1. What's the Kirkwood radius of the chain in Å, using all Cα pairs?
2. Once both axes come from the Cα atoms, what is the angle between helix 14-28 and the longest principal axis of the chain, in degrees from 0 to 90, rounded to 10?
3. Could you work out how far apart the two model spin labels at K45 and C19 are, taking each label as a point 7 Å from the Cα in the direction of the beta carbon, and quote it in nm?
Amino acid sequence: TGRFKELAPYDPDWFYVRCAAVLRHVYIRSPVGVKTVTKIFGGRKRNGVT
């Protein structure tokens with residue numbers, strides 16, 4: 001469910017699954033910032049170059 005993905009998510013509840021994953025990481029790894037969440041859930045975007 002990111003800009004770097006080529007296909008849309010199949011699961012209609014993808015938003016709740018992603019929120020649960022983020023909240024789980026925040027609960028387990030207490031001092032979590034935006035950079036940490038970006039590093040965990042982010043990816044590399046392909047700009048049409050192979």
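1. Kirkwood hydrodynamic radius for the chain: 12.5 Å.
2. Taking Cα atoms only, the helix is inclined about 40 degrees.
3. Here the modelled spin labels are 2.5 nm apart.
Computed from the coordinates by the stated procedures, all read-outs in this text should not be read as laboratory data. Given the structure is predicted, the values throughout are model-derived calculations rather than measurements. Note that we place each Cβ from the backbone using ideal geometry, even for glycine, and neighbour counts take in every protein chain shown.
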